[in-house]
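The values are calculated or read from the model by the stated rules, or taken from the named source; none is laboratory data. Keep in mind that this is a model prediction, so the values were computed, not measured. Note that each Cβ is placed from the backbone with ideal geometry, even for glycine, and that neighbours are counted across all protein chains shown. For the accessible areas, the whole protein counts, side chains as well, though only heavy atoms, and no ligand, DNA or RNA atoms are used. Shrake-Rupley method; radii C 1.70, N 1.55, O 1.52, S 1.80 Å.
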Amino acid sequence: ALRVTHAGQTRQVHVRLGEQPRVAPEPAPTPAESHAGLLSGVTVQPLDAALRKRLAVPSDVNGVVIVSIAPDSLAAATELEPGDVVIQIDPAPTPTVQAFEHASAAVHDQVLLLIFRKGQTLFLAIVR
């Protein structure tokens, strides 16, 4: 069971963890059908010592910090916030900006992020 606190109320939720099933890739879209990735418009920077201290990120948490989200991007409609530390994109760790960019390039219609926000580590699912 997982204990979740939301809006001042605590609940226990039974969960089953596992890998998301792999779906056969769809044919590549034609140029007219192309669309931006779910995480395009998200700007990140390395989690340096100053940011780690300012955001109160424990030393065992590694990732990149969201510094901005373009208002006209798909990511703007999600629960991502500047100051979130992105630890993983799907199963891929994101300890560097390059790792974030590589993992986010593989995202298409859905993604599961592991983020650190205000003292808590949480999963955030984004679906197109």
Label point 7 Å out from residue 43 along Cα-to-Cβ: which residues of the stretch 81-95 have amide N under 16 Å?
-> 81-84
Any idea what diffusion coefficient the stretch 66-128 gets from Stokes-Einstein, in µm²/s, Kirkwood Rh on alpha carbon pairs, 20 °C, 1.002 mPa s?
-> 179
The stretch 82-128 - accessible surface per residue (Å², probe 1.4 Å) | 56
Which cross-chain or sequence-distant (5 or more) residues have an amide H under 5 Å from the amide H of residue 88, H modelled 1.01 Å from N in plane?
-> 94, 114
Beyond 19 Å, what share of the Cα-Cα pairs of the stretch 37-105 is found? Please give it as a whole percent.
-> 28
Provide the net charge surrounding residue 2, with neighbours chosen by a C-beta distance below 15 Å and charges set as Lys +1, Arg +1, Asp -1, Glu -1.
-> +3
Once the Cβ-Cβ distance between residue 50 and residue 3 is put in as r, and R0 is 25 Å, what FRET efficiency do you end up with, to the nearest 0.05?
-> 0.15
Taking the alpha-carbon centroid of each part, what is the distance from the stretch 70-128 to the stretch 38-58 in angstrom?
-> 11
Once all protein chains are kept in place, residue 127 shows an accessible area at probe 1.4 Å, nearest 10 Å², of 100
At residue 128 and residue 67, where each label point lies 7 Å from the Cα along Cα→Cβ, what is the point-to-point distance in nanometres?
-> 2.8
